[in-house]
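Presented below is the structure to which this report refers.
The values are calculated or read from the model by the stated rules, or taken from the named source; none is laboratory data. Small disclaimer: the values here were computed from a predicted structure and weren't measured. With ideal geometry, Cβ positions are generated from the backbone for all residues, glycine too; neighbour counts draw on all protein chains shown. Side chains included, ligands, DNA and RNA excluded: accessible areas come from the protein's heavy atoms. Shrake-Rupley method; radii C 1.70, N 1.55, O 1.52, S 1.80 Å.
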Amino acid sequence: MLVLIADKFPASGREVLGRLGEVVYRPELSAEQLPAALAETKADILVVRSTVVSETALAASPPLSLVVRAGAGTNTIDTAAASRRGIFVANCPGKNAIAVAELTMGLILALDRRIVDATLELRHGTWNKSKYGKARGLKGQTLGLVGFGMIAREVAVRARAFGLKLLTCAHHPIAPELLEAHGVVQVADLGALLDASDIVSVHVPYSKANHHLIGADQIARMRPGATLIHTSRGGVVDDKALAEAVRSGRLRAGLDVFEGEPAGGQADFKNIAGDVGDIYATPHIGASTEQAESAISDEVVRIIESFVARGIVHHAVNLNERVARYSLVVRHLDRVGVLAGILMALREERVNVQGMSNTIFAGGEAACATITFEQAPSDECLQRLRDHEAILAVELRAART
Ligand SMILES: NC(=O)C1=CN([C@@H]2O[C@H](COP(=O)(O)OP(=O)(O)OC[C@H]3O[C@@H](n4cnc5c(N)ncnc54)[C@H](O)[C@@H]3O)[C@@H](O)[C@H]2O)C=CC1
Ligand SMILES: O=C(O)CCC(=O)C(=O)O
């Protein structure tokens, strides 16, 4: 088994992976160089952070069967192409959420106190207490969280300690216990959240549907003097419209992600923070704390270990979520050919198997197979299975609709 790691990844994680197979560490690879590296190494597993994984990359290594995103957002991986090729794509949900929440709070505080500008002036020898000795203060202000996933919840925990009032919006009702535990109120929709918030912080994944979720209209709807914090993904916010609003003095912004940002560690990048003083910005470092990188590394190792040892992929993001209509539970003696016999009987019925698992009991004598499908096998087929000398019991279950 060969694991190609195409982004920065801790040495401790690489060492553990090295015990499972060969590890090729190429953190410098760009998206353009990735297909050649995959073809050359014939990697079975690919680990990436922000490096874009295109269909060409996925096709370059025939044995490639798993791509692990050492992070949360999978929009940089062509998951549709991976699904067509039967390649699992997995991520590490929540493992860097605290780090992003900490940066979010950092940007909120820095903007309120203008810490960056004050520091720059002091560096140049200017004492400007008159200018920087004015801030609103956070207590009692309203923070609107767009999305209420892992990161937004960690932001809520921290923001509450600062005395901020918390709102969120989602496409669906959020469990009341979850809202209550975080001291958050769900408002009707994004518009209501923008109307009511002094600070808006965006924590949704990038998708076609979320492209410019915070566009010119939403930016215009924000309260005059409000702050927008954006640490989710370039493209969720319309950077141009935001820059105009900040330049006009209506808003302030704290950004960790940008439209068209470079994927690698160092590059020239003309960006909207360059000429707009009220934009504070960091180069996509939300997840870059040692704590988060270590938690992500442990999770990547866990995912790969489980895949290699048991074929189970934790946190796969490109599976068919549809619940099969029927499942057949077959308890059987653990003998060669029994499973093949069950599958042959289903094939004769032209039943297309959707999923299958087989668990062996302690002692190794008996096992239980669960097979799922859309169309029920006939009573004759079920009887034939029941009559098999190595089959102990057969039960057909229909999913509740
Ligand atoms: N700056 C950085 O370094 C990092 C950025 N991220 C970005 O942050 C995003 C969110 O991360 P998590 O909170 O861990 O993901 P998550 O999957 O736990 O939460 C995202 C939530 O947003 C909701 N959502 C999606 N579209 C929405 C919409 N239009 N309106 C309201 N809710 C919507 C989803 O239902 C989900 O509950 C990631 O997808 C990634 O793009 C994640 C980690 C690090
Ligand atoms: O790995 C990184 O530095 C970026 C993390 C990120 O954006 C994510 O986990 O979605």
>> Quick check: at a probe of 1.4 Å, how many percent of the accessible area of region 97-286 sits on carbon and sulfur atoms?
In response: 56
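What's the extension gain from ASN320 to LYS131 if we count 0.36 nm per residue and subtract their Cα-Cα distance? Kindly include the intermediate steps, with their values, before the conclusion.
Numbers: separation 189, 0.36 × 189 = 68.04 nm, distance 5.68 nm.
Fully extending the segment from ASN320 to LYS131 adds 62.4 nm.
What does the convex hull of the alpha-carbon atoms of the chain project to on average, in nm²?
On the way: hull surface 97.9 nm².
For the chain, averaging the hull's shadow over all directions gives 24.5 nm².
Where does region 1-111 land on Rg(C-alpha)/(2.2 N^0.38 Å)? Mind dumping the intermediate values first?
Working: Rg = 15.1 Å, N = 111, 2.2 N^0.38 = 13.2 Å.
In units of the globular-protein estimate, region 1-111 measures up at 1.15.
Rg to Rh for region 326-398: what is it, with Cα atoms only and Rh by Kirkwood? Mind showing how you got there, number by number?
Numbers: Rg = 11.4 Å, Rh = 12.2 Å.
Radius of gyration relative to Kirkwood radius: 0.93.
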> Of all DSSP beta bridges in the chain, what percent run antiparallel (nearest 5)?
Replying inline: 35
> By its C-alpha gyration tensor, with a ≥ b ≥ c as the square roots of the eigenvalues, how is region 282-335 shaped: rounded for a/c under 1.5, else prolate for a/b larger than b/c, else oblate?
Replying inline: oblate
> Quick one: if you stick a label point 7 Å off each Cα along the C-beta vector at VAL308 and LEU178, how many nm between them?
Replying inline: 3.4
> Which length gain, in nm to one decimal place, applies between GLU395 and SER54 when the Cα-Cα distance is subtracted from 0.36 nm times their residue separation?
Replying inline: 118.4 nm
> Under a point spin-label approximation (7 Å from Cα along Cα-to-Cβ), what is the ASN352-ARG221 distance to one decimal in nm?
Replying inline: 4.1
> Measuring from centroid to centroid over Cα atoms, what is the spacing of region 156-213 and region 1-80 in Å?
Replying inline: 34
>> Before I look further, what does region 326-398 give for accessible area per residue, probe 1.4 Å, in whole square angstrom?
In response: 60
>> Quick check: with the 1.4 Å probe, what order do HIS172, HIS203, HIS230, HIS315 take by accessible area, largest first?
In response: HIS172, HIS315, HIS203, HIS230
> With r defined as the distance between the Cβ atoms of ARG247 and ARG160 and R0 fixed at 35 Å, what FRET efficiency is calculated, to the nearest 0.05?
Replying inline: 0.60
>> If I take the Cα coordinates of region 73-138 and project them onto the principal axes, what are the three extents in Å, biggest first?
In response: 62, 25, 15
>> Output the 0 to 90 degree angle, nearest 10, between the alpha-carbon long axis of helix 150-161 and the longest principal axis computed from the alpha carbons of the chain.
In response: 40
> What residue among GLY286, GLY183, GLY71 has the largest mean-square fluctuation in a Gaussian network model of the chain, using Cα springs under 10 Å?
Replying inline: GLY183
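Can you give the Kirkwood hydrodynamic radius of region 97-286 from its Cα pairs, in Å with one decimal?
On the way: mean 1/r = 0.0592 Å⁻¹.
Hydrodynamic radius (Kirkwood, Cα pairs) of region 97-286 is 16.9 Å.
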> What do you get for Rg/Rh of region 121-175 when both radii come from the Cα atoms and Rh is the Kirkwood radius?
Replying inline: 1.23
